[in-house]
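What follows is a set of notes on a single structure, which appears directly below.
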Amino acid sequence: MSVRPSALALTPLLLFLALFFGAGLYYTAQGEPMGFYQLRAPVAILPALALGLWLARRRGVPAQPTLLAGMGDGNIMLMCLVFLLAGAFAMVSKGIGAVDAVVALGLGTLPPALVLPGLFLVAAFVSISIGTSMGTIAAVVPIALGVADASGLDRVLVLGAVLGGAMFGDNLSIISDTTIAATRSQGAQMRDKFRENLKIAAPAAIATLVLLAGLGESAPAPEAAEVSPWLALPYLLVLALAVAGLDVVLVLGIGLVVAGGFGLAVAPDYGAVEFAGDIYAGFESMVEITLLSILIGGLAALIKATGGLDWLAQRIAKFARGHAGRRSGELSIAALAAGTDALTANNTVAILVSGSLARDIAQRHGISPRRAASVLDIFACVVQGVLPYGAQILLAASLAAVSPLALAGSVYYCWLLALSAIVFMLWPARNKVAVVATPAE
């Protein structure tokens, strides 16, 4: 059944954003350090779903079947499976001591004059390995603070280096929820998105390393703890298999088994019971994002069926003055991702909310799925990395007792990544590429 485009169909999405953003502002004004995380997104979306169902019935759309079809979409279900496996791998890797091993080995080999660039690289590798900027910040910031206090380096500068590395990995890791959401929503291959993304992120990372090397001073590097280098191998294996193009579910399954095997063989006091417990704890760590993905899938289906996405696509096309070029499409996707993240203060939520529309924009403007996924992920992570009320900066600021506003201006990598991405988007047109989205492997 054909339904004419309607702006009214977007009101459920606006209600969700208003509740989520409004609650964040309210609790922040009340002095709550993590104000934007007091009303959980899966709860904030429930009134929006109710409104979406009501609007669907008003427009003659089969409301409940549309909702259930969206929630049970194959891409959504695969995304949820990957989320659960990624959580299990990250938790098992942490449980066997792999995160501590990577941090200790990386920092222990640093020349004194390269502490800041080294902290960026260590945070980047840890974040790529475990797929979460929050986990990286929690693991690396306490060590970085010790370095700052021992060397006399500015705490804000040190934390900015760690945050930049954490966002670098969050944006590129194949087990990051943002990467998973971006590739699945755009129908892109994981390896293709990684390669496309790396072309944009690498110049920003190199520029960041040069800048940090110039800003830092000679500082003593901490002594490396006694750790087994074998514990870092599961991370390297997962990264290598993903870049080689192996199916992401198989990659995570192999990584989980290998990490558990190394833990049983190398890590003290780590047995089968701990292994099973860490797997389930990893599942639990992904419950919120899994629930939100399912509910967002249903909401997106309702909005699309009632004409909301068609109306918004028409407005974007009119704003672009009828041009169907790559630049206008990519800039539209960038603005969509950045604006949504600024409202939600959560880059994964921003990608899930804007993914369907970004895919439609990409198809209309001749943008390949890998490019659309890369731009969507980049600008959601860029904004998230510099939001004073975002979880990453709030966590780092609370651990170090520094101002979130001061810290936001010191995350040089995110600012340079935005600049690099804009340069790539404005670059003269390349050869036209196929833009038919296919299911990601």
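Here the simple spin-label model places points 7 Å from the Cα toward Cβ, and for residue 57 and residue 100 these points are separated by 5.6 nm.
Rounded to the nearest 0.05, the FRET efficiency derived from the C-beta distance between residue 287 and residue 213 at R0 = 41 Å is 0.50. With a simple spin-label model that places each label point 7 Å from the Cα along the Cα-to-Cβ direction, the separation between residue 327 and residue 422 comes to 1.4 nm. Accessible-area rank, largest first, for 134, 79: 134, 79, with all protein chains present and a 1.4 angstrom probe. Can you give the local net charge around residue 235? Use residues other than it whose beta-carbon is closer than 14 angstrom to its beta-carbon, Lys and Arg +1, Asp and Glu -1. My count for the surroundings of residue 235 gives 0.
What's the ranking of 57-67, 366-376 by average number of surrounding C-beta atoms within 10 Å, highest first?
Top of the packing list down: 366-376, 57-67.
Peptide packing for 260-271, 298-309 was compared via the average number of neighbouring C-beta atoms within 10 Å per residue; ordered from the highest value, the list is 298-309, 260-271. Placing a pseudo-label 7 Å from each Cα along the Cα-to-Cβ vector at residue 265 and residue 25 gives an inter-label distance of 5.6 nm.
When peptides 207-215, 165-173 are sorted by average Cβ neighbour count within 10 Å, with the highest value leading, the order is 165-173, 207-215.
For the set 155, 364, 326, solvent exposure ranked by accessible area (probe 1.4 Å, protein chains only) runs largest to smallest as 364, 155, 326. Counted by Cβ distance under 12 Å from residue 285, the other residues give a net charge of -3, where Lys and Arg count +1 and Asp and Glu count -1.
The values are calculated or read from the model by the stated rules, or taken from the named source; none is laboratory data. Since we're looking at a predicted model, the values are computed, not measured. Quick reminder, even Gly has a Cβ in these numbers, built from the backbone with ideal geometry, and neighbours come from all protein chains shown. These accessible areas exclude ligands, DNA and RNA; they are computed on the full protein's heavy atoms, side chains included. Shrake-Rupley method; radii C 1.70, N 1.55, O 1.52, S 1.80 Å.
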